[in-house]
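Beneath this line is the structure, given in structure tokens, with notes to follow.
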Amino acid sequence: MYKKILVLLTIPLILLMCMTIENIFHPENPQVNSEIEIVVDLKLVAENDNNTKMIFAVLAPKAWNIAENSNLTFTTTGYTKGDVVNEPLTVVPASDNEPTTALPWSSALQKEIGLMDNLGPVEWVVFESQTTFIITDEDEKLITAKVNIKLQTGPDNIKLFMGYFFTGKDKGLHSEYYKGNAKSKVITVLGGSNPLIDFTTAPLTSTVPATFGFGDLFAVNFETKTQVLETELHGANKVYMLGKVIYEDGTESELIDITNDKTLMTKIGNTTWQKYIYVDDYFNLPADAEIESVHIYFANEDKSIIVKDTSGEDFIVKQNCN
């Protein structure tokens, strides 16, 4: 009797592990504006009979648009009905809903799994196999698979948690089948001209509003402390915003590096300082200035403490009129 009870209790644990991501292989030195190749190893242990296409999803920066700029292929080993070799995975049609939430697949993954701790604009892009796999637990003891992902990176230096997900299309996000099927791994893409954009940590700077032009009045917010980083200005009585403008021809404006009433920021929270500016006025620019970007850093009153971004470079503010 006790043995029967034990078996019944362990069945859900087996189901949780029936489809898993085993390994994720990222390139050693991925570069901007380049095709990179990622390999993901999968395992399926057949504990139930099932006929289904396979779903494989990738979480990546929205700017990479991997729905259009990627090529995924799927190879299996151990499938007794006939292994597939380099079978293309195609984007799931937008009209197809995930069965347990009745939401589009990408929306369902964001709702149930989230964005894998990324703090920047990322998206789930969901692909499916062409083959409908006929799984019978009497025949299929262990199927392994390899997904080869070729995708095009964007122009920016970026660090993020790339996410991956694997399930059967018919079961979707059913709790007995999908838990444990989502995994992430950090990737850092370099070679661009911009300071590193880090989706894995909360940004120290932001603007209000997020969308603005350099002719508009806008605010720069500075966080002295985030969940994972505390700057030397945390706890300072006064914080000043200093910096310069880079013109479109590559030349620079005069550096504003005086701590006075003009550059003093306003404390609006326990860790947040804010400064509203008109760029032309703040940096004493000529009326016909053509601005490419604003470079800023933060200091205490005597400038004994200077805070720049984590790379040691100025924070860069660019207009966003979208």
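What the table shows:
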quantity	calculated
Residue in segment 102-116 that is crowded, with 21+ Cβ neighbours inside 10 Å, assigned to a loop (DSSP other than H, G, I, E, B), of a type in the set (Val, Ile, Thr) and in contact with a strand residue (DSSP E or B) (Cβ under 6 Å, 6 or more places away or on another chain) present	no
Top-ranked residue in segment 32-78 [being among the β-branched types (Val, Ile, Thr) and part of a loop (DSSP other than H, G, I, E, B); ranked as nearest to the chain's Cα centre (by Cα)]	Ile66
Total residues in segment 25-66, condition over 23 Å from Asn194 (Cβ atoms), modelled with pLDDT of 95 or more and exposed (fewer than 15 other Cβ atoms within 10 Å of the Cβ)	4
Only listed residue being β-branched (Val, Ile, Thr), on the phi < 0 side of the Ramachandran plot and assigned to a loop (DSSP other than H, G, I, E, B), chosen from Ile246, Ile258	Ile258
Unmet criterion (only one of (1) surrounded by fewer than 22 Cβ atoms within 10 Å (Cβ to Cβ); (2) outside the structural domain of Leu44 (by TED's automatic domain parsing); (3) in contact with a helix residue (DSSP H, G or I) (Cβ under 9 Å, 6 or more places away or on another chain)) for Gln152	(2)
Which numbered condition Ser193 misses (of (1) more than 30 Å from Phe166 (Cβ to Cβ); (2) modelled with pLDDT under 95; (3) touching a strand residue (DSSP E or B) at 6+ places or on another chain (Cβ under 9 Å))	(3)
Residue satisfying condition, being at pLDDT below 95 and of a type outside the set (D, E, K, R), within set Ala236, Ala287, Ala299	Ala287
Ser304 vs. criteria surrounded by fewer than 13 Cβ atoms within 10 Å (Cβ to Cβ), among the hydroxyl-bearing types (Ser, Thr, Tyr) and modelled with pLDDT under 95	no
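So that you can scan it fast, the table gives a plain yes or no per residue for (1) in contact (Cβ under 8 Å) with a residue 12 or more places away in the chain; (2) outside the structural domain of Asp156 (by TED's automatic domain parsing); (3) aliphatic (A, V, I, L, M):
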site: Ala236; (1), (2), (3): yes, yes, yes
site: Thr259; (1), (2), (3): yes, yes, no
site: Ala287; (1), (2), (3): no, yes, yes
site: Tyr297; (1), (2), (3): yes, yes, no
site: Asp302; (1), (2), (3): yes, yes, no
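The values are calculated or read from the model by the stated rules, or taken from the named source; none is laboratory data. The structure displayed is predicted, hence computed values, not measured ones. When we count neighbours, we look across all protein chains shown, and the Cβ atoms used for this are built from the backbone with ideal geometry, even at glycine.
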